Every structure is written in C-alpha cells, then in structure tokens.
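Worksheet: one structure, shown below.
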Amino acid sequence: MSHVLVVPLELEHRPGLLRALKRQLKRRLGVDADFGTPAFELESCFSAVRMQYDAMALLEALAAQAGPRRIVGITESDLFLSVFTHVLGAAQLDGVAAVVSVHRLRSEAVGLPPDPALLEERLLKEVMHELGHTFGLRHCQNPACAMFSANNPDEVDLRSAEYRGNCLRIFHEKRHSL
Amino acid sequence: MSEDPSRILIVDDEFSVRDSLTHWFEADGYFVGAAGNANEALRKLDSAPWDLALVDVKMPGMDGIALQKHLHEVAPQLLVVIITAYGSVESAVRALKQGAYDYITKPVDPDELSRVVRKALEHRRLTVENQQLRQRLDEVSGVDEFIGNTRSVDRVKALIAQVADTDVTVLIQGESGTGKELVARAIHAGGHRRYFPLVPVHCAALPDTLLESELFGHEKGAFTGAQYQRKGKLELADGGTLFLDEIATISQKTQVDLLRVLETRQFTRLGGNRMVDSDFRVICATNEQLERLVEEGTFRRDLFFRVNVFPIVIPPLRDRVDDIPLLVDHFVRKYALQMDRNIHGVSEKALKTLCKQRWPGNVRQLENAIERAMVIGEGEQIEVDDLPFNQPPTSVEPSGDTMADVERSHIIRILERTEWNISMSARILQIDRATLYNKIRKYGLRG
C-alpha cells in the first residue's frame, strides 16, 4: 500500500480538515495518508522580518524528515518564497517534499464568513497540485487539470483536483514511487 | 505550453532571486536563462535570442537601468521588465522612459508577475507576427515579381527602385500585356505608402459619367439611384496610391477635373459642395503614345505635363526574347502550384517555339498560353502540341444534342472570344477556374 506522510504545522486545531484530506487522497490517489509531527524546529523556518514561513526552508526540513516517502506539510501560516510576496504552496520538482498554506485559501482572508467545505476543496486541490510537482509534473495549460497554474484562491477554484491528459499519464508512470 | 517556449532571461545578482524565478517560470514551461550581472547578461544575449528580460535595478557594476538602456540599443526587439525594490518608483519611471516595457516591485506578487509576463509576451508575439506579415507583404508585392534579367528589364527595375520611396508622379508606358499594373504595384510596395491602399481605376472600363462618380464619389441624392453617400477612389486612396490605368481614354471634361485634383489634392463629391482632402500618390499607365495624343489635341498638354513627371517605358516581349525562358519557368511553377499539377517545365522544342513567337499580347499572352498548356498537357513537361499555335481550331458547333455537347461548344465559344484567357472565360461563364480547367480537360479542348 502507498503512503504519504502529512505533517500538520500548527494545524492541529482543524482535525476535520485533515480527516477530509486523508479521505480524499485515498479516494483520488489510492494512497494512505499517515499523520506525523515535524521532526525539526518550526521556528527555524519562520522569518520575523516578513512574519511568514519560508517555503524553501520548510521544504528542506520536510525532505530531511521524509526519507523515501512523499511528505506534505500543511500550515495555516502564510508562506513566502525568496523574491515572492507569498505563495499558496511549494514543492520540490521531482522530489519528495511539498508544503501548502491554507492562510489565503480561507474565506475569512477576503472578509467572508468561514466556509469549511470550500476550504477542504481548495486544500485538496493545492495538495494535489504540489504533490504533482513532486512527480515531475509542470504547470499544465488545461484549466481542468490540477496542474493548471493558480496564484490566488479564485484561480484555485477554477481548476479541478484531478490530473488530466499528459499529466495523468506521467503520474501513472511514476506513482509506483509513492 | 507550445512546442517552442518563450525564452526569458533573468538578470539579478541575488542567487535566491534567480533561482526562485527560474523555477517559477520553468514550472510554467518557459525556457529560462539566468545571469548574475550585466556583463553575463550581454554575453547570454549575444549567444542566443531572448523574448523577455527581467532585470533587477540594483546590481554591482553596470546597474539595471544602464543595462536596460544598453539592451534597448543592441536588441531593440527584446522586451525588458525592470525589477525594483518596493517604493523605488523613481528608478522604475526612469527605466520606463528609457524604453522598458513594464516594472514589478520586490518582493514580487505572483499574480502581478504572471500578469506582466503574460502581457509582455503577448505584446512580443504580436510585434513579431506583425513584422513577419509586413515582410511577407513586401515579398509578395515587391519588385521581384517583375521577372526578367535582360538590360531593358534591369533598367525598369532600377527606375522602380529609384522612384518607389518618393511621392513623384509616375507615368508607365507600354503595350497591352507588358505588366504595367505589376510595375505600379512594385512602386507602391517599395514606398512609404505601402501599408495604405493601392487603388486601381481602370479608366477605359467605365463610361465617362460612371468614371466621374467612381473617382470623386457622390453625395446622397446626387443622381437617380444615389441612395447613399459613396466615397470615390480618390478618397479611398488617402495615404496610399491612386493607379490610373489607361489614362489616355478619359474624356476632356474628366481630364479637366482630374488636373484640378492632381494640382490641389482637393475635390468635391458629385452633388456635394464640401471640399474633401485626400493625400495620395499618382501612378498613371497607358498603352498609347501620350505625346502624339497631345499633338492631336485629344489629351490635354497641361495634364500630360502633370502626369509625365517620371516616365517608365516597359519594353514589349518581342524586344526581350531572352527573358522568355525565365518567364515560362515562373508561370509553369505558378500554375503547377495553383492547379496542383505535376508539370516541371517545357520541352526544348516547345521552348524554341515559344521564343519564336511575336507575342503581340506580350507577357499576358505568354502567361495565357502557359496556363492553357498546363490545363491540357498530359506529361510532366509542356510539349509543342500543348501550345496554342498551328493547331486546327476546335469546332464551335455542337456535335450532338446532349447537354454535354451544348456545354462543350459554349465553352469553346467563350474561350475563343477571350483568346483563351482562362480567368476571363471563367468569369463570363460564372464558374471557378478549377471547374473550367476540369471541363477543358474533360472535353479535350484545344485552341
């Protein structure tokens, strides 16, 4: 059985969200999501200047913890990546580690009331997208594919949680590495 | 992403910036190059073409603004997007004034970066496409279409090149079928007015009153049937070239009107009193000796002087027999492509026959002969038998009572009336050329 290690990073207060993600990963990818705790000092990846987590530092720390398995860190804090103001997620291309932030995926971020179902859906899409990068998938031009590029929640809503076409073919070729 | 991805060059002295932008664009399928300073960027620019450069302002040595200025000089087609620190609007404005396409501030909002890069590359794509189309236009309508390399043709080509990029009025003289309109098009295509229309007016084809309306346009109600205001050819040629073909045939009255327009570039539409300005170049053509018509008093002397500023005389085909093989080869290739026929050339005997003819209808007649031969020829070469000389004419009378018999004889009648001009025959018969080709072959017609 294939396994993915999901590491909540200060997200323990959202057990429902994590359970829904586990269920969907089983359904969509046929993988068992095991939950773990970070094996590194979370503070070391935090930038006090930008008040955000450094996505690159998180990826390195998560990869060191992962061993041969895929590992996905999920945080409620905002992420930045070097020159970028923020990112919704990041991943090692053809690597093992991915990280996703729900910070900007929350309806509350744009002044709307909380929408747990929408957040579950957005998180799943983001996790599928970043995991796709770890299988070597690049951005896809098909808006219906999970690998379609999205820079904000609206664009995340437009794409699906499924790999399509060539992305699906590459995923099937490489899924044995899960 | 397409098979040929856009190429983006990132120029920033910070490794982490180069690295993250490189990964960002690579994930989107772009081809990405990175340079840590201006000199490295210039080397990369020297070794390969780039569509877009993202240039950081603050760099040791030559800074981004200086580099951008340099890039603008050495690679004017390259689009440059400046990366500047948040709040450094001053440097961004300086860069924009020097020709940068846009700027983004650090740290970069991914949404903003995507938008700017997409917009820049679309701009670049349209610019390149526009240049290619203009180049193609120049190619298809240029002087190269005037085939031949005899001295007399070289002289015509030299005159075209000399006069093309001026606004001088040109008078093209030559027998019917020598290619006067082709020369007019070559002059228009070689000048600064080439992106505006070339408006031909075939003066002989219209009765005098219609020609006036055609040239000057008319106001609503100017005459019976003038239900709408209509712009004339003089107005339509604004910015471009007015080509007056067979100018010798226009009436004395229209000559007077035309003279006034050529002097002032101003006129009124028929039935109107408002002056209309139009900025056009004039090219006239005639197969008559205008000087003789002036002496005879049928063509106004003052109009003659007005149009005869830069005369170009096109020699008849019989005076440039050495060009016939080139012309034949050109027409064979043209019609082989058009008709999708596997004919590569003409036999030696057929070429000799072609070179011996007098060609009173000049190049147009030669073209018609080749087009016709391409229709009826069976082999991979045009043979003497495929040419329209010394052959018994096909009977015009229907050989029977069937529809096919009547159709066959009607097609022969029209082809003979037009001297086997396929285009004109097809127009009269109201069928397309391909259908006419098929019918000629089906009925085995020969001129």
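Against the condition assigned to a loop (DSSP other than H, G, I, E, B), within 14 Å of another protein chain (Cβ to nearest Cβ) and open to solvent by 20 Å² or more (accessible area, probe 1.4 Å), how does A:L93 come out, does it pass?
Answer is yes for this residue.
Can you pull out the residues in region B:51-73 that are among the hydrophobic types (A, V, I, L, M, F, W, C) and farther than 19 Å from B:S20 by Cα?
Those that are among the hydrophobic types (A, V, I, L, M, F, W, C) and farther than 19 Å from B:S20 by Cα: B:M62, B:I65, B:A66, B:L67, B:L71.
Determine whether A:L123 is away from every other protein chain (no Cβ under 14 Å), buried (at least 21 other Cβ atoms within 10 Å of the Cβ), under 18 Å from the mean Cα position of the chain (by Cα) and over 19 Å from B:Y30 (Cα atoms).
The answer is yes for A:L123.
Take the residues in region B:55-77 that are out of contact with any Phe, Trp or Tyr (no Cβ under 9 Å at 6 or more places or on another chain) and more than 13 Å from B:Q98 (Cβ to Cβ); name whichever of them is modelled with the lowest pLDDT.
By that ranking, first place goes to B:V74.
Starting from region A:17-40, take each residue that is within 11 Å of A:H3 (Cβ to Cβ) and list its partners that are in a loop (DSSP other than H, G, I, E, B), counting only C-beta distances under 6 angstrom and pairs at least six apart or across chains.
The qualifying pairs are A:L25/A:V31; A:V31/A:S2; A:V31/A:L178; A:D32/A:M1.
In region A:56-78, what count of residues is obtained for those that are touching a Gly at 6+ places or on another chain (Cβ under 7 Å) and outside any helix (DSSP H, G or I)?
Count: 0.
Please state which of the following conditions B:T127 fails to meet, knowing it meets all the rest: (1) hydroxyl-bearing (S, T, Y); (2) touching a strand residue (DSSP E or B) at 6+ places or on another chain (Cβ under 6 Å); (3) modelled with pLDDT under 90.
Result: B:T127 passes all but (2).
Find the residue count for region B:1-51, including only residues that are crowded, with 16+ Cβ neighbours inside 10 Å, within 14 Å of another protein chain (Cβ to nearest Cβ), of a type in the set (A, V, I, L, M) and not in a strand (DSSP E or B).
3
Return yes or no: is B:G142 surrounded by 15 or more Cβ atoms within 10 Å (Cβ to Cβ) and modelled with pLDDT under 90?
Here the answer is yes, as B:G142 does meet what is asked.
Looking at B:D167, is it open to solvent by less than 30 Å² (accessible area, probe 1.4 Å), at pLDDT 90 or above, charged (D, E, K, R) and in contact with a Lys or Arg (Cβ under 8 Å, 6 or more places away or on another chain)?
Answer is no for this residue.
Give B:V93, B:V89, B:V80 a once-over and let me know the one that is touching a Phe, Trp or Tyr at 6+ places or on another chain (Cβ under 8 Å) and away from chain A (no Cβ under 14 Å).
Result: B:V80 is the single residue among B:V93, B:V89, B:V80 that is touching a Phe, Trp or Tyr at 6+ places or on another chain (Cβ under 8 Å) and away from chain A (no Cβ under 14 Å).
How many residues, within region B:214-246, are crowded, with 20+ Cβ neighbours inside 10 Å and farther than 17 Å from B:V282 by Cα?
Counting residues in region B:214-246 that are crowded, with 20+ Cβ neighbours inside 10 Å and farther than 17 Å from B:V282 by Cα gives 2.
The values are calculated or read from the model by the stated rules, or taken from the named source; none is laboratory data. Just so it is clear, the structure is predicted and the values come from calculations on it, not from any experiment. A quick note on method: Cβ atoms are made from the backbone with ideal geometry, for glycine too, and the neighbour counts reach across all protein chains shown. Only protein heavy atoms, including side chains, enter the accessible area calculation; ligands, DNA and RNA are left aside. Shrake-Rupley method; radii C 1.70, N 1.55, O 1.52, S 1.80 Å.
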